[in-house]
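The values are calculated or read from the model by the stated rules, or taken from the named source; none is laboratory data. All of these numbers come straight from a predicted model, not from anything done at the bench. Every residue, glycine among them, receives a Cβ derived from its backbone with ideal geometry; neighbour counts consider all protein chains shown. Keep in mind that these areas ignore ligands, DNA and RNA; they rest on the heavy atoms of the full protein, side chains included. Shrake-Rupley method; radii C 1.70, N 1.55, O 1.52, S 1.80 Å.
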Amino acid sequence: MRLEFVWNIEFQKMEMLSSSTSHTPELILYEFKQQNLPACKPVLKPSYVVEIVDRYDSECVPGAFRGNKVSFIKDSSLPKNCSRILKVRKHMKAPIYIYYHLDNYYQNHRRYVKSRSDQQLLHGLKSSNTGSCEPEESNNGLPVVPCGLIAWSLFNDTYTLIRGIKKMSINRKNIAWKSDRDSKFGKQVYPHNFQNGTLIGGGKLDPNIPLSDQEDLIVWMRTAAFPSFRKLYGRIEEDLEADDVIVVHLMNNYNTYSFGGKKKLVLSTSSWLGGRNDFLGVAYISVGGSSIILSIVFLLFHIKIPR
């Protein structure tokens with residue numbers, strides 16, 4: 001739940017000195033001291049951020065492979081399609097944001113973060129400054145664009161949402177930062193020799209679309225600071241009503257089983273403060289709890305060893 005400020009202008013007048021109709025200096029001074037002059041007063045109004053979270057990494061593995069999920073995800077001959085059913089508990093007002101959420105995925109690892117070439121992302125094959133991209137710098141003697149482990153491990157699960165008999169439209173435009181699209185990824189830079197090696201990482205890229213327009217890559221390349229994170233997949237531009245049933249057809253392509261990772265699909269509304277985030281509340285409770293414990297410890301020390 002979020003708190004939004006609704007600014008109401010309330011003009012209040014004191015009923016004292018009812019016999020006087022003029023604003024005497026005494027009356028004005030009295031109103032000033034009692035804070036009854038015309039003022040802009042904030043009124044707190046509760047606002048809800050509605051979220052639907054569905055973990056699907058385990059449920060989307062066939063029963064025969066539950067004991068060996070890695071072999072399932074690595075076998076390209078096996079179908080990876082899966083269906084999930086989501087029920088909307090409360091009214092969700094558009095835009096509704098679709099995220100994929102990964103747990104136990106350390107995008108902040110020093111070696112992983114360094115495995116990219118910003119110059120190559122901006123200038124393509126004209127840039128030779130790709131030494132930091134090892135071990136995904138080249139394949140079969142030819143340079144890779146985009147190079148590095150971050151691009152190589154691109155998330156490639158896909159989602160299709162259906163309400164009733166109608167397929168819902170997912171807007172996947174403008175999901176990346178405008179500054180990234182305009183300044184960090186070249187408009188004339190196209191994927192080259194990407195995912196052509198013997199070891200395939202994540203998703204593939206369309207070689208006919210410049211990097212500046214491949215927004216799923218741009219979102220992925222902005223690495224997360226924590227091992228549990230979510231990234232924007234798209235937006236739903238229509239409201240969802242309470243008790244609506246959403247059928248999700250997804251492709252469970254991405255390998256998180258090798259390192260014990262988890263995958264979740266998240267549908268969330270947003271407020272002026274953003275989406276749901278429990279970090280600040282947890283931080284306040286942790287700091288407050290620590291302060292209480294320390295105060296008790298110091299109190300016991302003072303009682304046992306007084307000055």
> In region 113-131, what residues are open to solvent by less than 30 Å² (accessible area, probe 1.4 Å) and in a helix (DSSP H, G or I)?
Replying inline: Q120, L121, G124
> How many of the residues in region 142-193 are open to solvent by less than 80 Å² (accessible area, probe 1.4 Å), hydrophobic (A, V, I, L, M, F, W, C) and within 23 Å of the chain's Cα centre (by Cα)?
Replying inline: 13
> Of the numbered conditions (1) in contact with a Ser or Thr (Cβ under 6 Å, 6 or more places away or on another chain); (2) free of Cβ contacts under 8 Å to residues at least 40 places away in the same chain, V113 satisfies every one except a single condition; which is it?
Replying inline: (2)
>> I need the full set of residues from region 201-227 which are in a helix (DSSP H, G or I) and closer than 20 Å to I73 by Cβ, in order please.
In response: D216, W220
>> Exactly one condition in (1) out of contact with any Pro (no Cβ under 7 Å at 6 or more places or on another chain); (2) at pLDDT below 95; (3) open to solvent by less than 80 Å² (accessible area, probe 1.4 Å) is false for P207; which is it?
In response: (1)
> Do you know which residues across region 132-141 are under 19 Å from Y112 (Cα atoms), touching a residue at least 12 places away in the same chain (Cβ under 8 Å), open to solvent by 10 Å² or more (accessible area, probe 1.4 Å) and not in a strand (DSSP E or B)?
Replying inline: S132, E134, P135, E136
>> Looking at V266, V245, can you tell me which residue is within 26 Å of I52 (Cα to Cα) and touching a Phe, Trp or Tyr at 6+ places or on another chain (Cβ under 6 Å)?
In response: V266
